[in-house]
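To start, the structure under review is shown below, and the notes come after it.
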Amino acid sequence: ALRRLNEAAARTPTVPVLDWPDGAGPVSHRQPAPGEGADLTATLAHATITFLTGPDRERLRACHAPRCVRYFLKEHPRQEWCKPSCGNRARVARHHERHRRAG
């Protein structure tokens, strides 16, 4: 997966861009080189690499709801699901399991 991600990111040449906001220090980021066509896969690969090497990576979680395959950024210490409907589905599944075993 890492090899494929890096290969996709390499399809779009980039150039460093310097930004120096008032009252802050200089910041460097990369953007596609001028005149190059946009490759969606390469753009997504760049965004993925930026995310995985950034501070938000620590908040990435898999949803615990049954049959959900989504990931989300944890906003609250008790958050376990990607959206409220997944939380409801998980509670219904627990309820069903408790009553199935009891009966």
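Protein heavy-atom surface of the chain, 1.4 angstrom probe: 56% of the accessible area is carbon and sulfur, with nucleic acids and ligands not counted. Computed from the C-beta positions of residue 15 and residue 60 and an R0 of 35 Å, the FRET efficiency is 0.75 to the nearest 0.05.
Max-minus-min Cα coordinates of the chain on each principal axis give 67, 37, 20 Å, with the largest extent listed first. With θ taken as phi - 60° and the Karplus curve 6.51 cos²θ - 1.76 cosθ + 1.60 applied, the whole-hertz 3J(HN,Hα) list for the range 82-98 is 6, 7, x, 5, 5, x, 5, 4, 5, 5, 5, 5, 5, 4, 4, 5, 4 Hz, x standing for glycine and proline.
Heavy-atom accessible surface of the chain, averaged per residue, reaches 81 Å², computed with a 1.4 Å probe.
By the Cβ distance rule of under 4.7 Å, the chain has these cysteines without a partner: 86. Note: relative contact order over the range 15-103, using C-alpha pairs below 8 Å and six or more positions apart, is 15 percent.
The values are calculated or read from the model by the stated rules, or taken from the named source; none is laboratory data. Model, not experiment: these values are computed from the prediction. For neighbour counting, all protein chains shown are included, and Cβ atoms are generated from backbone atoms with ideal geometry for every residue, glycine included. What goes into the accessible areas is simple: the full protein's heavy atoms, side chains included, and nothing from ligands, DNA or RNA. Shrake-Rupley method; radii C 1.70, N 1.55, O 1.52, S 1.80 Å.
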